[in-house]
1. Among S164, S182, S214, which is crowded, with 23+ Cβ neighbours inside 10 Å, of a type in the set (G, A, S) and either touching a helix residue (DSSP H, G or I) at 6+ places or on another chain (Cβ under 8 Å) or not assigned by the TED database to the domain that holds N288 (or both)?
2. List the residue pairs whose Cβ atoms are under 7 Å apart, where the first residue sits in the stretch 219-234 and is not assigned by the TED database to the domain that holds C253, the second is of a type outside the set (A, V, I, L, M, F, W, C) and outside any loop (DSSP other than H, G, I, E, B), and the two are 6 or more positions apart or on different chains.
3. Taking the stretch 35-53 as the region of interest, how many residues are open to solvent by less than 90 Å² (accessible area, probe 1.4 Å) and either closer than 15 Å to I310 by Cβ or at pLDDT below 55 (or both)?
4. What about I300, is it surrounded by 19 or more Cβ atoms within 10 Å (Cβ to Cβ), of a type outside the set (G, A, S) and not assigned by the TED database to the domain that holds P193?
5. Answer yes or no as to whether G293 is of a type outside the set (V, I, T), crowded, with 18+ Cβ neighbours inside 10 Å, within 19 Å of S29 (Cα to Cα) and not assigned by the TED database to the domain that holds L195.
6. Pick from S164, S233, S182: which is within 19 Å of C253 (Cβ to Cβ) and out of contact with any Pro (no Cβ under 8 Å at 6 or more places or on another chain)?
7. Sort out which residues of the stretch 254-278 are farther than 18 Å from D213 by Cα, β-branched (V, I, T) and not in a loop (DSSP other than H, G, I, E, B), and write them in order of number.
Amino acid sequence: MAAHGSHQPKRKEIYKFEAPWTLYSMNWSVRPDKRFRLAVGSFIEEYNNKKGVYPDLLATSGDYLRIWRAGEPDTRLECILNNNKNSDFCAPLTSFDWNEVDLNLIGTSSIDTTCTIWGLETGQVLGRTNPVSGHVKTQLIAHDKEVYDIAFSRAGGGRDMFASVGADGSVRMFDLRHLEHSTIIYEDPQHTPLLRLAWNKQEPNLLATIAMDSCEVIILDVRVPCTPVARLSNHRACVNGVAWAPHSSCHICTAGDDHQALIWDIQQVPRSIEDPILAYTAADGEINGIQWGATQPEWISICYSRVLEILRV
């Protein structure tokens, strides 16, 4: 990535993968013993859409939450989790998050206004029986309209707190130990739908969210509800993704339809943040996904069109 305002990066190191289909999502493996592993997901209107822990599992969402075992060379489906017991159909899932403290917990968000927390069980391989299964630990009505994203917080031990955003324009926080009420952290003044949220990896009081068709990223502090502590507004088209640095509480990367991935230093908050400290422009497409490597903080991955790029920062 180039320093903002300069033309030549000091060390340009970019790796590129081109897929046969449009890419929509990707994420890094969290296993420190297997570096430089990413999973990529496609965006095609079919059932065979192609997002690690123990055993070596990864999850994808769309119609259902699917758990896969990552193998070499083959990755195989372990189980399909559907919380609609009365039908083979369920409302489409919009996102999911895998708890980093309790690896048996996965939360999903859905257009049916609910969030579901799944409990995974991993057993021994017995003949042809899949050793991975799951059950609904809790399902709750999270918003008044569709829920678009869910993310576990590292606060309070990192297991029980999570937040969600949705079409009603609110950020709401939940505690699995006290599900009878939720806390509204922020409401968009125009009730514009909020599409994504991401918790700071080092400072559990900070989170970022983006509104539909918005060119800015809103930074919130749960200790100061309802008032953004910063707005990052240098993108020239709508923002599609945010990723906090895994190793720093004051760095965040944003990406959008202006082909740009920008890294910001928010150390001066609540003083306004005028410009990003690093910028990268994807030559051939609107960036629709961004991830910062959890075990390799010097690498960021982006996807646009049919391309995955890994950038050294």
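The values are calculated or read from the model by the stated rules, or taken from the named source; none is laboratory data. What you see is a predicted model; the values in this text were computed from it and never measured. Note that each Cβ is placed from the backbone with ideal geometry, even for glycine, and that neighbours are counted across all protein chains shown. What goes into the accessible areas is simple: the full protein's heavy atoms, side chains included, and nothing from ligands, DNA or RNA. Shrake-Rupley method; radii C 1.70, N 1.55, O 1.52, S 1.80 Å.
1. S164
2. L220/Y186; L220/T209; P225/Y186; C226/Y186; C226/E187; V229/D221; L232/T254
3. Residues that pass the stated criteria total 8.
4. So I300 fits the description; yes.
5. yes
6. S233
7. If the condition is that a residue be farther than 18 Å from D213 by Cα, β-branched (V, I, T) and not in a loop (DSSP other than H, G, I, E, B), then I263 is the only one that fits.
Conditions (1) surrounded by fewer than 22 Cβ atoms within 10 Å (Cβ to Cβ); (2) over 18 Å from the mean Cα position of the chain (by Cα), marked per residue:
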| position | (1), (2) |
| --- | --- |
| T209 | no, no |
| R223 | yes, yes |
| V229 | yes, yes |
| R271 | yes, yes |
| E274 | yes, yes |
| T281 | yes, yes |
| D284 | yes, yes |
| L308 | yes, no |
